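> Sharing a structure with you now.
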Ligand code: FAD
Ligand code: THG
């Protein structure tokens with residue numbers, strides 16, 4: 001944490017909802033006291049989503065970051081008081097399962113809770129009844145009880161945080177409508193309101209669902225869709241009379257009935273009911289009435305009873321006491337949905353000093369505010385925010401049409417059981433590689449990532465799987481083939497056959513979605529040297545694996561850098577955030593371009609890769625003439641390509657790049673040449689298995705900014721003596737790692753886990769799985785996990801749907817430690 005400074009730069013926060021108030025508190029606590037919070041409505045309830053949020057806080061989520069945000073909200077609000085009462089009422093949370101699928105999913109969720117440090121217990125119907133006497137326990141398979149979840153008192157929490165921030169010098173001005181953002185030379189300079197202009201060094205849009213409106217004033221995309229969501233209250237119920245405890249309003253756990261998209265809380269002797277079961281009700285942020293023109297509040301629309309009717313039946317089914325009750329009041333309340341359901345945080349690169357803290361639930365508000373305040377004051381948040389960072393969206397994910405379609409879908413799916421591989425349904429296809437037609441002909445089963453259609457396996461390879469089965473080898477390579485229904489979803493034994501074929505023969509992988517940047521200019525080498533950890537001052541024609549660190553030595557990304565000419569580099573990167581980060585730092589003598597969309601890539605990998613490629617070119621592709629981690633610009637048949645000799649799957653071969661127009665020709669050329677070698681097309685399911693057998697990390701899953709290279713096992717890519725680079729001094733000061741990215745092999749050859757499961761050492765949760773896949777060559781499931789340093793051979797347990805699966809710490813790399821398959 002930073003030392004306390006007084007004053008600091010001038011900050012204007014737009015919006016005094018729970019996010020703006022929390023942010024003012026966190027900024028002033030860090031010594032940035034020149035903070036002005038503006039809101040168009042009257043304080044302390046200016047009419048945004050916070051003004052009537054019922055404040056349920058369920059912390060457990062597949063996103064570790066969201067759970068960390070929520071845990072901080074619980075901790076902070078629990079210690080805040082308004083009117084002599086805490087701003088958090090820890091009544092606990094109870095999620096019910098009324099279907100076997102949900103009951104199984106609650107087991108998975110209990111695992112997530114253990115992974116992220118949330119106290120949770122699976123309970124039977126009788127205990128559900130005890131916790132919520134109105135529940136008809138005969139309808140229930142069981143529940144997940146989280147005793148530390150509960151109710152945030154959102155408006156009182158705003159008041160309490162406002163008071164603290166005010167005491168440190170912040171001002172809150174209501175009835176100020178922001179109408180413009182002044183900028184000069186790519187920086188914000190002031191916020192214009194209907195009542196005057198406020199000079200600013202930093203502006204934060206915490207404008208809730210008005211984010212797109214404020215964003216437009218600044219020329220910054222804010223990809224969110226405002227949607228109305230129904231909330232109703234019953235008339236007083238005799239069953240609840242006098243039920244509330246010493247804290248106001250509620251004593252029973254907040255309740256979720258996700259099989260019917262419903263949640264419940266008490267309001268004294270009434271029940272509040274929230275529903276996501278209705279049709280999406282989008283609202284145009286640009287035409288929302290002003291506070292004084294709104295019927296109730298700008299974020300509140302009249303209750304549409306017909307939308308609630310089916311939910312009301314579902315409520316009475318679960319809580320029979322409601323059969324005698326009536327709905328007394330209700331409204332359609334508006335809040336924000338992004339295309340992926342996650343918040344939008346961070347500073348715009350095109351308008352420096354303009355920050356977003358958008359699409360944030362009350363649940364995550366304090367955690368988000370802390371992260372954004374750290375980011376602004378210290379230059380970096382302490383939590384990994386890659387899944388919340390506004391730079392995560394691809395260009396293709398920014399169109400209003402995409403934002404509208406995906407936002408509405410997020411609403412529909414908000415309580416669904418979502419498989420980690422589940423692709424979006426619409427809009428598809430959005431981005432396709434030039435090989436798409438061939439992939440379809442081969443029966444590709446596509447999943448989606450970053451808008452791309454990505455083959456996971458090809459039905460054309462079914463005979464290979466049948467062949468393995470006939471030989472009796474299928475069970476040997478795929479753990480008996482009797483996957484549980486969850487692990488079997490978005491999976492096929494064909495992936496095992498594709499992995500086999502890659503290890504034994506040769507396969508084509510569509511690597512087009514792999515992000516490619518071109519870095520050119522006289523300053524290119526010096527720039528990349530300063531930005532990354534490995535030594536890139538090597539001869540043109542060499543490729544280097546290197547890391548992007550932040551100033552604290554955390555891993556922002558891992559890259560391959562091919563030096564194609566003295567002043568021309570091709571960078572293989574991960575997320576759009578890499579481009580953003582590099583552009584932020586690039587000096588004038590460097591040109592940086594994302595060439596992903598205009599180009600394509602095929603990975604040709606396997607022991608027969610050289611036999612396939614060599615006849616297509618006059619250049620010498622022998623090991624002696626074209627070594628491992630070397631690059632060459634050549635032609636394969638009619639197609640000019642850039643060939644990089646490297647392989648994320650750990651086999652001999654090349655990544656072959658060309659422009660998009662020639663992509664199909666490249667694929668066909670390779671396919672024809674490969675016929676005599678039995679070439680197949682292989683998908684990402686096999687790919688992920690092969691890379692885990694080799695121990696190659698996937699950034700964003702296995703390692704993030706929260707980890708140093710030493711901890712993540714990629715210290716080999718750091719050259720401390722090459723000169724200064726971003727993160728170097730932090731690495732020098734770093735001590736011995738307290739945790740390590742650790743390879744595990746599940747003991748039972750039939751067992752599988754998928755990722756994010758808790759890992760138990762000596763019976764206690766000690767870490768979590770980052771990524772996992774069956775290792776078809778090893779005949780065991782491979783799981784990487786963050787754990788305290790452990791000797792190889794140590795026995796641990798991975799919890800999968802409530803079962804403790806034995807596993808053993810393994811030695812890396814698990815496959816081909818001598819590199820005989822690659823270096824030949
Ligand atoms: P807001 O509270 O909307 O604040 C934004 C502020 O910006 C507003 O006060 C607005 O007046 C101001 N503003 C906008 N434009 C301008 C401008 N041009 N000039 C000046 N000021 C401007 N979340 C949970 O975690 N748990 C729940 O149980 C829950 N239930 C919900 C139930 C309903 C019915 C609704 C509608 C939402 C619910 N939410 C819940 C979501 C939650 O309420 C919001 O996500 C959260 O309150 C957003 O806070 P905010 O500070 O970002 O936005
Ligand atoms: N191909 C290309 N660029 C990439 C990836 C890729 N950039 C992003 C991401 N994938 C980077 N990840 C890796 C991880 C491991 C390796 C390559 C890219 C790899 N490692 C070898 C090892 O660890 O033994 C060699 C390392 C070395 O020699 O320094 O091959 O898939 N273009």
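The values are calculated or read from the model by the stated rules, or taken from the named source; none is laboratory data. Because the structure is a prediction, the values reported are computed rather than measured. Note that we place each Cβ from the backbone using ideal geometry, even for glycine, and neighbour counts take in every protein chain shown.
> Residues in region 727-754 that are buried (at least 20 other Cβ atoms within 10 Å of the Cβ) and assigned to a loop (DSSP other than H, G, I, E, B): how many?
Number of matching residues: 5.
> Before we move on, is residue 559 surrounded by 22 or more Cβ atoms within 10 Å (Cβ to Cβ) and either within 16 Å of ligand 1 (Cβ to nearest atom) or without any contact (Cβ under 8 Å) to a residue 40 or more places away in the chain (or both)?
Here the answer is yes, as residue 559 does meet what is asked.
> Does region 351-371 include one or more residues that are in contact with a helix residue (DSSP H, G or I) (Cβ under 7 Å, 6 or more places away or on another chain), at pLDDT 95 or above and surrounded by fewer than 22 Cβ atoms within 10 Å (Cβ to Cβ)?
yes
> Taking residue 420 and the conditions (1) modelled with pLDDT of 95 or more; (2) closer than 26 Å to residue 61 by Cα; (3) out of contact with any strand residue (DSSP E or B) (no Cβ under 9 Å at 6 or more places or on another chain), which numbered condition does it fall short on, given that it satisfies the others?
(1)
> Moving on to the next point. Applying the selection to region 627-644, what residues are surrounded by 21 or more Cβ atoms within 10 Å (Cβ to Cβ) and out of contact with any helix residue (DSSP H, G or I) (no Cβ under 6 Å at 6 or more places or on another chain)?
If the condition is that a residue be surrounded by 21 or more Cβ atoms within 10 Å (Cβ to Cβ) and out of contact with any helix residue (DSSP H, G or I) (no Cβ under 6 Å at 6 or more places or on another chain), then 631, 641, 643, 644 are the ones that fit.
> Something else about it: Please go through region 121-134 and give me each residue that is free of Cβ contacts under 8 Å to residues at least 40 places away in the same chain and touching a helix residue (DSSP H, G or I) at 6+ places or on another chain (Cβ under 7 Å), ordered by number.
125, 126, 128, 129 - these are the residues of region 121-134 that are free of Cβ contacts under 8 Å to residues at least 40 places away in the same chain and touching a helix residue (DSSP H, G or I) at 6+ places or on another chain (Cβ under 7 Å).
> Given the conditions (1) touching a helix residue (DSSP H, G or I) at 6+ places or on another chain (Cβ under 8 Å); (2) within 23 Å of residue 65 (Cβ to Cβ), report the number of the one that residue 111 does not fulfil.
So the condition that residue 111 fails would be (1).
> Take the residues in region 460-486 that are part of a helix (DSSP H, G or I) and modelled with pLDDT under 80, then tell me which one is surrounded by the most Cβ atoms within 10 Å (Cβ to Cβ).
Going through the qualifying residues, I end up with 478.
> Could you identify the single residue in 221, 201, 184, 194 that is modelled with pLDDT under 95 and surrounded by fewer than 24 Cβ atoms within 10 Å (Cβ to Cβ)?
Selected residue: 221, the only one of 221, 201, 184, 194 that is modelled with pLDDT under 95 and surrounded by fewer than 24 Cβ atoms within 10 Å (Cβ to Cβ).
> Applying the selection to region 182-234, what residues are assigned to a strand (DSSP E or B), in contact with a helix residue (DSSP H, G or I) (Cβ under 8 Å, 6 or more places away or on another chain) and within 10 Å of ligand 1 (Cβ to nearest atom)?
Matches in region 182-234: 205, 226, 227, 229, 230, 231, 232.
> Right, something else. Could you grab me the full set of residues in region 536-581 that are within 8 Å of ligand 2 (Cβ to nearest atom), under 15 Å from residue 698 (Cβ atoms) and out of contact with any helix residue (DSSP H, G or I) (no Cβ under 6 Å at 6 or more places or on another chain)?
Correct list: 558, 559, 560, 572, 573, 574.
> Going by what's in this entry, would residue 290 be described as surrounded by fewer than 19 Cβ atoms within 10 Å (Cβ to Cβ) and within 12 Å of ligand 1 (Cβ to nearest atom)?
Spelling it out, residue 290 is indeed surrounded by fewer than 19 Cβ atoms within 10 Å (Cβ to Cβ) and within 12 Å of ligand 1 (Cβ to nearest atom).
> Of all residues being within 14 Å of ligand 2 (Cβ to nearest atom) and assigned to a loop (DSSP other than H, G, I, E, B) in region 705-714, which is surrounded by the most Cβ atoms within 10 Å (Cβ to Cβ)? Just the residue, please.
Among those residues, the one meeting the criterion is 714.
> Just checking, does region 105-120 include any residue being touching a residue at least 12 places away in the same chain (Cβ under 8 Å), over 24 Å from the mean Cα position of the chain (by Cα) and farther than 30 Å from residue 25 by Cβ?
no
> Moving to a separate point now. I'm told residue 522 meets every condition in (1) within 29 Å of residue 458 (Cβ to Cβ); (2) surrounded by fewer than 21 Cβ atoms within 10 Å (Cβ to Cβ) except one. Can you identify the failing condition by its number?
(1)
> For region 358-371, what are the residues that are over 16 Å from the mean Cα position of the chain (by Cα), within 13 Å of ligand 1 (Cβ to nearest atom) and within 23 Å of residue 10 (Cβ to Cβ)?
369
> May I ask you to list pairs of residues, at least six apart or on different chains, whose Cβ atoms are under 8 Å apart, with the first in region 515-538 being in a strand (DSSP E or B) and the second being at pLDDT below 95 and within 12 Å of ligand 2 (Cβ to nearest atom)?
Pairs that qualify, where the first residue is in a strand (DSSP E or B) and the partner is at pLDDT below 95 and within 12 Å of ligand 2 (Cβ to nearest atom), are 515/575.
> Identify all residues within region 771-795 that are surrounded by fewer than 23 Cβ atoms within 10 Å (Cβ to Cβ) and either part of a strand (DSSP E or B) or modelled with pLDDT of 95 or more (or both); write none if there are none.
771, 786, 787, 788, 789, 790, 791, 792, 793, 794, 795
> Now for a different question. So, in region 269-311, how many residues would count as being farther than 26 Å from residue 240 by Cβ and assigned to a loop (DSSP other than H, G, I, E, B)?
13
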